[in-house]
Amino acid sequence: GAVVSQHPSWVICKSGTSVKIECRSLDFQATTMFWYRQFPKQSLMLMATSNEGSKATYEQGVEKDKFLINHASLTLSTLTVTSAHPEDSSFYICSALDRGYGYTFGSGTRLTVV
Amino acid sequence: QKEVEQNSGPLSVPEGAIASLNCTYSDRVSQSFFWYRQYSGKSPELIMSIYSNGDKEDGRFTAQLNKASQYVSLLIRDSQPSDSATYLCAVYSNTGKLIFGQGTTLQVKP
């Protein structure tokens, strides 16, 4: 089946620093990947749609200059949280669409900003 | 009105009972519907997808879709304690996005 690898699974960083999260489709090519954020006891909120070879599409209220998305290849999308602050602490999950298996999620990244 | 609505629960059922999870959606033209299970601290895993009106069964799980009522449900037969998790209803919107409900927490008590 379709497998999406997300790395790292957890990260702790200091306030003001940047953190990069990687999302890879291992056995299929993903022209489109999605980035979600989930706060405790809340549902997944779509942050942005990552398109291979073009700019990402951000949801309303998501700062594109703070959450940098790069989708340079058909198997890799990255999300960089720039100048992270404690309120950015959350569970970040990527997803990729495989035509045969539908949406597959990465294992998620727990970000804690101290 | 939220695009996808679920009762947050918790829904508590005894072991062996049927758990019934419900979801309504607002976009009448939606065609694809999904149920995901999410354990605490983990990412969602797909349980069922359904695209046509009626029932779709897979093992102990049955998804039901009624497009006229904009309603999709998930039944879990012979509920087990390991089924205790948050169940997320998701709808593929006509904008090409997968929109999630807030999730229903299910507790199966031994």
Picking from A:Thr109, A:Thr82, the residue that is within 11 Å of the chain's Cα centre (by Cα) and more than 8 Å from chain B (Cβ to nearest Cβ) would be A:Thr109
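Condition check: in contact with a strand residue (DSSP E or B) (Cβ under 8 Å, 6 or more places away or on another chain) and away from every other protein chain (no Cβ under 14 Å). Does B:Ile76 satisfy that? Walk me through it before giving the result.
Working: in contact with a strand residue (DSSP E or B) (Cβ under 8 Å, 6 or more places away or on another chain): yes; away from every other protein chain (no Cβ under 14 Å): yes.
The answer is yes for B:Ile76.
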Here is a list of conditions, (1) under 28 Å from A:Asp27 (Cβ atoms); (2) out of contact with any strand residue (DSSP E or B) (no Cβ under 7 Å at 6 or more places or on another chain), and A:Gly61 meets all of them except one; can you say which number that is?
(1)
With the structure loaded, tell me whether A:Leu76 is within 14 Å of chain B (Cβ to nearest Cβ) and either of a type in the set (Asp, Glu) or under 18 Å from A:Ala30 (Cβ atoms) (or both) or whether it fails that test.
no
Given the conditions (1) surrounded by fewer than 16 Cβ atoms within 10 Å (Cβ to Cβ); (2) within 11 Å of another protein chain (Cβ to nearest Cβ); (3) within 11 Å of the chain's Cα centre (by Cα), every one holds for B:Tyr71 apart from (2)
Is it the case that some residue within the stretch B:14-22 is in contact (Cβ under 8 Å) with a residue 12 or more places away in the chain, in contact with a strand residue (DSSP E or B) (Cβ under 6 Å, 6 or more places away or on another chain) and within 24 Å of A:Ala96 (Cα to Cα)?
no
Residue match in the stretch B:80-87 (condition: within 22 Å of A:Val4 (Cα to Cα), within 11 Å of the chain's Cα centre (by Cα) and part of a strand (DSSP E or B)):
yes
I'd like to know if the stretch A:5-15 contains one or more residues that are buried (at least 16 other Cβ atoms within 10 Å of the Cβ), part of a strand (DSSP E or B) and in contact with a helix residue (DSSP H, G or I) (Cβ under 8 Å, 6 or more places away or on another chain).
no
Would it be correct to say that A:Ala2 is within 11 Å of chain B (Cβ to nearest Cβ), outside any strand (DSSP E or B) and closer than 16 Å to A:Ala96 by Cβ?
yes
Among the residues of the stretch A:21-66, write down those that are outside any strand (DSSP E or B), buried (at least 19 other Cβ atoms within 10 Å of the Cβ) and touching a residue at least 60 places away in the same chain (Cβ under 8 Å).
A:Ala30
Based on this model, can you work out whether B:Glu45 counts as surrounded by fewer than 20 Cβ atoms within 10 Å (Cβ to Cβ) and within 11 Å of another protein chain (Cβ to nearest Cβ)?
yes
All positions within the stretch B:25-68 that are touching a residue at least 40 places away in the same chain (Cβ under 8 Å), among the hydroxyl-bearing types (Ser, Thr, Tyr) and more than 21 Å from A:Lys41 (Cβ to Cβ)
B:Tyr25, B:Ser26, B:Ser30, B:Ser32
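Residue by residue through the stretch A:81-90, note down the ones that are surrounded by 15 or more Cβ atoms within 10 Å (Cβ to Cβ) and of a type outside the set (Gly, Ala, Ser). Working first, answer last.
As a first pass, look at the stretch A:81-90 and keep what is surrounded by 15 or more Cβ atoms within 10 Å (Cβ to Cβ): A:81-82, A:84, A:88-90.
Selection gives A:Val81, A:Thr82, A:Asp88.
Laboratory data are not the source of any read-out in this text; all were calculated from the coordinates shown. These numbers were taken from a predicted model, which means no experiment stands behind them. Heads up, the Cβs are rebuilt from the backbone with ideal geometry, glycines too, and the neighbour counts pull from every protein chain shown.
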